[in-house]
1. Order of 220-227, 278-285 by packing, highest average Cβ count within 10 Å first?
2. Which length gain, in nm to one decimal place, applies between ASP238 and GLU105 when the Cα-Cα distance is subtracted from 0.36 nm times their residue separation?
3. Between ASP219 and ASN358, what's the calculated FRET efficiency when r is the beta-carbon distance and R0 is 51 Å? Round to 0.05.
4. Using the number of other C-beta atoms within 10 angstrom as an exposure proxy, rank VAL167, VAL213 with the fewest first.
5. For segment 207-266, calculate the relative contact order in percent as a whole number, restricting contacts to Cα pairs under 8 Å that are 6 or more residues apart.
Amino acid sequence: MTSSLQSQKNTQINNYGLSVDKNTRKQTFESTKFHGAVLAIQKQALDRLEGLLERGKEQVKGLQIVEGYMVGVGALNLLIHHFRKRKNDYTLNAYVCRDLESLRESLERIEKTHFVGKVAFLVNSMMDRKVIKTFSHPDRWSSRLHFTSVLVEATQNRINLFVMDSVSSLDGKTYSLKSQEVPIIRHGKYQANVIAQIAKANLKRLSVYTTNVSRQADDCSCSTFALEDARAFSKLSDFFLQIENSGQLIPCDDKREIRYAQLLPPPFMKITQSITKLKEYLKVNFSSKNSKLYDVHPLKETVNKTIRRKEGTNRKLNMAAEKKHITYLEILSDYLKTKSFSELEKLTKQYDSSKFLNQS
């Protein structure tokens, strides 16, 4: 074998099948163009919406459709409505928690009503209600929004709950579900914020999981990750069984009340932005007993279609999350074009968590 062929083979092995060689992808990711595209679609959407209103921008903000580059809680309601109408997403059962307390109230209703089934909560894990009401910089969207998906499967005997955060902000401290003293850390540490609400809900027969897998690298895709996690969860009938069988669970506290997963099922990795993280994930699969459990070949094929080189550098990124983000904005733009304000007002609240198991 010639040295060049051997080198090519070694590169392919080290990259675990990902197309990251600089000559294999001519397309480049230009961050300014991405943000420009987002802003252009967003401005068009807002212009359409403001055209429906007589009282203008303040009423537009009340729908909470867009927040900076991000989609807001109203937009997530609209997107859940949109995807639930699609044949391959008919099992999607998801609700939006506008603040941390809304998650606790929803979990308490699961306990009270003896709910059996699967549900995903897309939680604004940044703020509690008191802070939102007194927040002095309403235009600083990045200071008041971050979405974490909380995936729940309840049976007659047990409630399994997975705190799935895209930036993996768990800091290694111990958190006890039986303690009511778990602090709410308002700026960052999103998983700790969510775990604090789980502790306050005081659920019985509970198993809690979280993850230390960091998948998001930008500052505007958390809502995309949260919704895609909910969609993937709805399609996996054995999600928690896969997590248990992964062999990659580590206790997060001394009482083993919370465990974090070092390995997620492939559908939760396909929009991971960091190529390094993707290669680490594939390496674990190839080098452990999990290679049979997690078939990563479809993941490789999917990711290879969305790898791009960042403008002016040799750095590669998986652009799947950005593509989803723009698709979401285009969907929202179509709703804003075709729906009246009264319809939008209803749709942007249709899947608020207050509607979950609440007949009042």
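1. Numbers: 220-227: 25.4, 278-285: 19.5.
In descending order of packing, they fall as 220-227, 278-285.
2. Numbers: separation 133, 0.36 × 133 = 47.88 nm, distance 2.62 nm.
Value of the extension gain: 45.3 nm.
3. 0.90
4. Working: VAL167 18, VAL213 21.
By the 10 Å Cβ count, ascending, the order reads VAL167, VAL213.
5. Numbers: 53 pairs, mean separation 28.4, N = 60.
Averaging sequence separation for qualifying contacts and normalising by length gives 47 percent for segment 207-266.
FYI, it's all coordinate maths here, none of it is from the lab. It should be emphasised that the depicted structure is a prediction, and the values quoted were computed from it without experimental measurement. Note: ideal-geometry Cβ built from the backbone for every residue, glycine included; neighbour counts use all protein chains shown.
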